[in-house]
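Okay, so here's the structure we're looking at.
The values are calculated or read from the model by the stated rules, or taken from the named source; none is laboratory data. Quick caveat, the model's predicted, so the values are computed rather than measured. With ligands, DNA and RNA removed, areas are computed over all heavy atoms of the protein, side chains included. Shrake-Rupley method; radii C 1.70, N 1.55, O 1.52, S 1.80 Å.
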Amino acid sequence: MSIVLFVIIVFALILLLAKILGGSHKGTDNISEEQLVLMREMYESLTKEQRFSIYNIYDSLSQCCHGNVLKLSQVLKQMRLQAKVLDVNPKEADLYFQKTGAVALMNNLRQIKDRALLDSILISSYGIASMASGKVNGMDSRYVAQELLIKQFGQLGYTEKDIDDTIMKMGALMKQLG
């Protein structure tokens, strides 16, 4: 098993545990230094701008999660974890987005050629989007999050079928692992 696949599995398990345990799993906020180092290795070849861009993708999806206090709490814990793993300061990432805009973020992400890494980002994005609740500008947040996910990853070369297949593969892998 490659290290990237192993890290994806570890990361997916942490997110799944957070979701199953209702966000109360202490490990979502207080992961061990060893786990953090392992997860950060996935992103070590990326520039700070690319890591800011990944964080901003997650952040854009998290904006669809304000309709349910419990889900919002889970998403905020996941966002803190993502910031730790990506080794970014959320305020700096937000300032970067404000200065450069969405086009620059997507250009940064298009430079990532490692499909396994992009799949991992997709799975993490899906985890956040799946927590959408309430309304965004009068529209159902789940619909908005789904469309945003499809649009963002479409710009990275994913078709809707690619997105579905990637999510289904991870689901099948999680099922096999127990």
Practice task
Collect residues whose amide H, placed 1.01 Å from N in the peptide plane, falls under 5 Å from the amide H of residue 156; neighbours closer than 5 in sequence don't count.
Solution key: none
Handout entry: Anchor residue 175: aspartates and glutamates whose Cα lies under 17 Å away (excluding residues fewer than 8 positions away in-chain)
Key = 164, 165
Practice task
With a probe of 1.4 Å, find how much accessible area the range 115-178 has per residue, and write the answer as a whole number in Å².
Solution key: 54
Completion exercise
For the table 99/135; 48/91; 48/84, the rows whose alpha-carbon distance is greater than 24 Å are 99/135
Fill in the blank from the handout: Amide H proximity to residue 136 below 5 Å, modelled H, separation 5+ or other chain, gives 141
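Cα gyration tensor of the range 21-178, axes a ≥ b ≥ c as square roots of the eigenvalues: rounded (a/c below 1.5), prolate (a/b > b/c) or oblate?
rounded
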Fill in the blank from the handout: Rounded to whole Å, √(5λ) for the Cα gyration tensor eigenvalues of the range 31-124, largest first, gives 20, 18, 12
Exercise for the section: State whether the range 100-178 is rounded, prolate or oblate according to the following rule on the C-alpha gyration tensor (a ≥ b ≥ c being the square roots of its eigenvalues): a/c under 1.5 gives rounded; otherwise a/b larger than b/c gives prolate, and the remaining case gives oblate. Expected result: oblate
Fill in the blank from the handout: Calc'd 3J(HN,Hα), the range 159-170, phi into Karplus 6.51 cos²θ - 1.76 cosθ + 1.60 (θ = phi - 60°), Hz, glycine/Pro = x, comes to 8, 4, 5, 4, 4, 4, 4, 5, 5, 5, 4, 5
Practice task
Please work out the Cα center distance from the range 68-88 to the range 140-165, rounded to the nearest Å.
Solution key: 20
